[in-house]
Amino acid sequence: MNDTSQKAIHWQRTKNLMIVHLVIWFIFSFVVHWIAPSLNKVSVPIMNFPLGFYMAAQGSLIVFVVQLFAFAKQQDRIDRECGMAEAD
Amino acid sequence: MSIFRMQGSFIDNLPKIYGFYTGGFVAFILLMALLERAGLKEDTIGLLFVGFTVVIYAFIGWMSRTMQLDAYYVAGRQVPAVFNGMATAADWMSGASFVAMAGGIYLGGHPYLAFVVGWTGGYVLVAVLMAPYLRKFGCYTVPDFIGTRYGGNLARFCAVVVLVVASFTYVTAQINATGTIASRALLIPFGVAIWIGLGAILICSMLGGMRAVTWTQVAQYIVLIVAYLVPVIWMSNKQGFGLIPQLVYGDAVHRIAELEQLHQVGVLKSAAQSGLASLNVKHNAPPDTFVGHVQFVTLVACMMMGTASLPHILMRYFTTPSVRAARNSVAWSLLFIFLLYFTAPALATFTKLQMLDPNLATSIIGKSVAEVNAHVWVQKWASVGAVKVLDLNNDGIIQVNEFFLNPDIVVLATPEIAGLPYVISGLVAAGGMAAAMSTADGLLLAIANALSHDLYYKMIDPKADVKRRLVVARVLLIFIGAAGSAVASLRLTGILGAVAWAFDFAMSGLFFPLVLGVWWKRANRAGAIAGMVVGLVVGTWYLYMVYNKLMAPWIGIDHLRFGIIGAGASLIAMVVVTLMTPAPDKETQDMVDEIRIPKGDTYLSSTH
């Protein structure tokens with residue numbers, strides 16, 4: 001496969017990964033907080049937080065941290081598989 | 001002593017050096033604790049904490065001095081991901097995060113958590129949309145990217161203007177905070193303290209630029225996170241709330257809801273008294289109206305898009321050794337920031353419980369005036385005007401609307417409310433100083449670098465040699481710092497107002513030109529200039545109209561959220577003008593292709 005089409009595949013996969021992560025980001029930045037009053041009727045097991053409060057004070061933050069470590073790993077895999085990664 | 005000059009071995013030895021530093025800091029805390037037992041005065045302990053840590057930062061700044069361009073502008077691009085994460089966390093967490101956030105949650109309840117969500121989730125945008133691409137590009141400053149991607153001095157100049165407006169708004173609040181803390185710890189007047197604070201800030205940045213700021217920020221992160229976590233965890237254990245307060249405050253949230261019924265929180269209300277507020281809203285009351293929802297999500301959106309547009313944050317990722325390291329570094333940054341941000345709501349909740357629960361010795365609400373005034377911490381903070389006890393209905397009992405406080409004391413008075421030794425208060429002062437200084441350093445450097453590199457070198461005197469460029473950079477740093485201190489000494493705005501505005505300004509002018517510069521090849525110079533100018537002008541106009549009450553806010557989008565209007569206008573202007581004008585030339589389009597792949601050299605050479 002030539003370099004140009006390899007670059008096109010790389011960029012397509014990069015864009016797909018971007019979209020996946022922005023969808024997750026959107027849900028935990030906006031959607032879960034919009035429905036916080038309903039979520040508050042649910043309690044987080046063991047820790048006993050109202051879920052709506054928990055998501056704003058802690059839950060969304062944990063999702064963001066985990067998501068970013070996963071993103072770094074996934075993007076690096078795409079770079080390597082497409083031969084677009086930097087030398088180690 | 002030569003470790004700072006032998007680059008290879010210095011980087012390899014970083015874990016050892018900062019491990020040793022952390023151990024030394026812990027030993028210093030223990031020494032202070034012993035001296036306190038031996039009878040050392042409280043004032044002296046506070047002075048030693050702030051003085052000792054600031055001298056260490058100055059020492060690191062001095063050791064990191066440099067006369068090389070890439071060391072001055074991007075720390076030689078060799079900062080490992082984890083350490084850059086710590087430096088970014090310190091750069092990011094300002095005096096406001098450290099001192100004001102927990103108090104904000106205490107008074108504001110659930111709606112205030114929009115700041116907690118917004119100031120963390122923005123890093124997803126930084127990692128996914130921007131940092132790796134800007135790192136590959138190889139720029140020294142954010143306007144450097146705008147200027148090269150879109151071409152022409154006008155685009156570069158617009159980016160410099162947005163950067164200066166946003167960062168200068170922010171830096172005055174930070175210099176103000178260093179002045180406040182220094183004046184309290186060193187027992188000198190605010191007007192003098194603010195210049196001493198500036199001197200300390202400048203020593204950390206002036207001699208070594210980005211390299212010095214990087215290594216002092218790592219040191220400042222360690223101090224600020226220890227200073228934030230130790231008092232909260234100690235308080236939690238002492239009061240019997242549990243070993244890890246962040247995980248166990250769920251029951252406290254429910255208990256507070258019961259106590260709020262008992263004390264009629266949200267029913268009994270009073271207006272602020274000389275800048276101090278009483279508890280007027282419930283702790284766990286998420287917005288339940290349409291406007292309330294809009295206010296929550298727009299504040300989240302502004303803080304996130306602002307994060308991804310603030311040059312002092314973006315430029316931290318120019319310093320990593322590779323694109324891969326830049327991505328990892330964003331993740332580490334957020335982890336280090338998370339440690340403070342998931343603690344603040346726990347602190348706010350437990351402080352509230354301690355005030356409301358009549359079964360606890362610390363309780364305030366529902367007690368008699370005499371009992372409330374018997375608390376030592378109430379007397380102490382009342383004497384400096386941060387607490388006010390007013391029996392408005394003259395029944396001899398303090399209701400929830402009769403106890404007023406400055407929200408900052410939720411953090412500052414934690415050690416005293418829980419009866420911890422004074423050494424912990426000294427530690428908190430050192431932490432607040434570290435938080436404010438590290439952010440001020442990052443901001444001042446972002447402004448001075450943009451003016452010296454983009455305005456002076458790229459536009460005014462492109463023939464200037466390295467020495468001249470570095471001298472100009474330092475002179476500008478001093479002037480901007482002095483201007484910031486002069487404005488800060490006027491004490492124009494509350495800290496939080498200025499901080500939120502900085503995010504709004506940055507997103508109004510820079511968010512879409514930066515994102516579309518990478519993700520939309522068709523974006524061109526005319527579009528980018530239109531985006532920056534229209535965004536900044538419309539955003540500023542909306543702020544002016546709403547803040548001065550010349551216009552009612554649209555669906556609850558008040559002055560803290562004006563970035564939504566500015567960035568919206570910026571996007572429309574940029575897309576419309578781009579489509580009306582010709583596509584960028586092939587060279588520009590190839591440049592965009594090149595920055596999209598990590599492999600290969602940076603687009604700009606290492607000393608440009």
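The table that follows gives values for the structure above.
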item	result
Pair list, Cβ under 8 Å, 6 or more apart: the stretch B:386-405 residue over 14 Å from B:Lys269 (Cβ atoms), other residue of a type in the set (Lys, Arg) and part of a loop (DSSP other than H, G, I, E, B)	B:Ile397/B:Lys367; B:Ile398/B:Lys367
Contacts under 7 angstrom Cβ, first residue in the stretch B:95-108 being in contact (Cβ under 8 Å) with a residue 12 or more places away in the chain and under 16 Å from B:Ala436 (Cα atoms), partner surrounded by fewer than 24 Cβ atoms within 10 Å (Cβ to Cβ) and acidic (Asp, Glu), 6 or more apart	B:Val99/B:Asp408; B:Ala100/B:Asp408
Residues of the stretch B:1-53 classified as aromatic (Phe, Trp, Tyr) and either farther than 14 Å from B:Val223 by Cα or at pLDDT below 90 (or both), total	2
Given (1) more than 9 Å from chain B (Cβ to nearest Cβ); (2) surrounded by 12 or more Cβ atoms within 10 Å (Cβ to Cβ); (3) free of Cβ contacts under 8 Å to residues at least 40 places away in the same chain, number of the condition A:Arg13 does not satisfy	(3)
Filtered residue count, the stretch B:249-265, keeping only those that are surrounded by 13 or more Cβ atoms within 10 Å (Cβ to Cβ), within 14 Å of chain A (Cβ to nearest Cβ) and of a type outside the set (A, V, I, L, M, F, W, C)	6
Every residue from the stretch B:116-128 that is within 7 Å of chain A (Cβ to nearest Cβ) and either closer than 19 Å to B:Thr343 by Cα or surrounded by fewer than 24 Cβ atoms within 10 Å (Cβ to Cβ) (or both)	B:Val116, B:Val117, B:Thr120, B:Gly121, B:Tyr123
Residue ID - farthest from B:Leu279 (Cα to Cα), chosen from residues in the stretch B:331-354 that are touching a Leu at 6+ places or on another chain (Cβ under 6 Å) and among the hydrophobic types (A, V, I, L, M, F, W, C)	B:Ala331
Residue match in the stretch B:452-461 (condition: among the basic types (Lys, Arg) and closer than 30 Å to B:Phe52 by Cβ)	no
Filtered residues of the stretch B:445-475 (kept if surrounded by fewer than 20 Cβ atoms within 10 Å (Cβ to Cβ), without any contact (Cβ under 8 Å) to a residue 60 or more places away in the chain and assigned to a helix (DSSP H, G or I))	B:Tyr456, B:Ile460, B:Arg468, B:Val471, B:Val475
Contacts under 7 angstrom Cβ, first residue in the stretch B:359-370 being modelled with pLDDT of 85 or more, partner surrounded by fewer than 13 Cβ atoms within 10 Å (Cβ to Cβ) and not β-branched (Val, Ile, Thr), 6 or more apart	B:Gly366/B:Pro358; B:Ser368/B:Gly396; B:Val369/B:Gly396
Members of the stretch B:304-344 found to be of a type in the set (Ser, Thr, Tyr) and over 23 Å from B:Leu536 (Cβ atoms), listed by number	B:Tyr317, B:Thr319, B:Thr320, B:Ser322, B:Ser329, B:Ser333, B:Tyr341, B:Thr343
Matching entry among B:Gly442, B:Gly426 (being more than 30 Å from B:Leu34 (Cβ to Cβ), surrounded by 24 or more Cβ atoms within 10 Å (Cβ to Cβ), out of contact with any strand residue (DSSP E or B) (no Cβ under 9 Å at 6 or more places or on another chain) and at pLDDT 90 or above)	B:Gly442
Verdict on B:Arg316 being assigned to a helix (DSSP H, G or I), charged (D, E, K, R) and more than 10 Å from chain A (Cβ to nearest Cβ)	yes
Output for the stretch A:49-75, where each listed residue is under 13 Å from the mean Cα position of the chain (by Cα), more than 7 Å from chain B (Cβ to nearest Cβ) and of a type in the set (A, V, I, L, M)	A:Ile62, A:Val63, A:Val66, A:Ala70
A:Val42 of a type in the set (A, V, I, L, M) and either modelled with pLDDT under 95 or buried (at least 22 other Cβ atoms within 10 Å of the Cβ) (or both)	yes
Output for the stretch B:266-307, where each listed residue is away from chain A (no Cβ under 11 Å) and of a type in the set (A, V, I, L, M, F, W, C)	B:Val267, B:Leu268, B:Ala271, B:Ala272, B:Leu276, B:Ala277, B:Leu279, B:Val281, B:Val291, B:Cys302
Filter pass, B:Ile529 being touching a Cys at 6+ places or on another chain (Cβ under 8 Å), surrounded by 15 or more Cβ atoms within 10 Å (Cβ to Cβ) and not charged (D, E, K, R)	yes
Residue tally, condition of a type in the set (Asp, Glu) and under 18 Å from the mean Cα position of the chain (by Cα), over the stretch B:328-375	0
Any chance B:Leu412 is under 30 Å from B:Ile194 (Cα atoms), modelled with pLDDT under 90 and surrounded by 15 or more Cβ atoms within 10 Å (Cβ to Cβ)	yes
Subset tally (residues that are part of a helix (DSSP H, G or I) and at the interface with another protein chain (Cβ under 8 Å from one of its Cβ atoms)) for the stretch B:586-602	1
Among (1) assigned to a helix (DSSP H, G or I); (2) more than 8 Å from every other protein chain (Cβ to nearest Cβ) - the single one A:Ile46 does not satisfy	(1)
Hits in the stretch B:558-585 (condition: in a loop (DSSP other than H, G, I, E, B), crowded, with 16+ Cβ neighbours inside 10 Å and more than 30 Å from the chain's Cα centre (by Cα))	B:Pro584
Residue match in the stretch B:479-500 (condition: in contact with a Cys (Cβ under 6 Å, 6 or more places away or on another chain) and assigned to a helix (DSSP H, G or I))	no
B:Ser383 surrounded by fewer than 24 Cβ atoms within 10 Å (Cβ to Cβ), closer than 30 Å to B:Gly199 by Cβ, of a type outside the set (Lys, Arg) and away from every other protein chain (no Cβ under 14 Å)	yes
Residue in the stretch B:93-112 that is modelled with pLDDT of 95 or more, in a helix (DSSP H, G or I) and of a type in the set (S, T, N, Q) present	no
Residues located in the stretch B:354-389, provided they are under 17 Å from B:Gln264 (Cβ atoms), part of a loop (DSSP other than H, G, I, E, B) and either of a type outside the set (D, E, K, R) or in contact with a Ser or Thr (Cβ under 7 Å, 6 or more places away or on another chain) (or both)	B:Asp357, B:Pro358, B:Ser363, B:Ile364, B:Ile365, B:Gly366
Answer from A:Ile19, A:Ile78 - the residue that is more than 7 Å from chain B (Cβ to nearest Cβ), surrounded by fewer than 16 Cβ atoms within 10 Å (Cβ to Cβ) and either in contact (Cβ under 8 Å) with a residue 12 or more places away in the chain or β-branched (Val, Ile, Thr) (or both)	A:Ile19
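The values are calculated or read from the model by the stated rules, or taken from the named source; none is laboratory data. All values derive from a computational prediction rather than experimental measurement. Every residue, glycine as well, gets a Cβ built from its backbone with ideal geometry; the counts of neighbours run over all protein chains shown.
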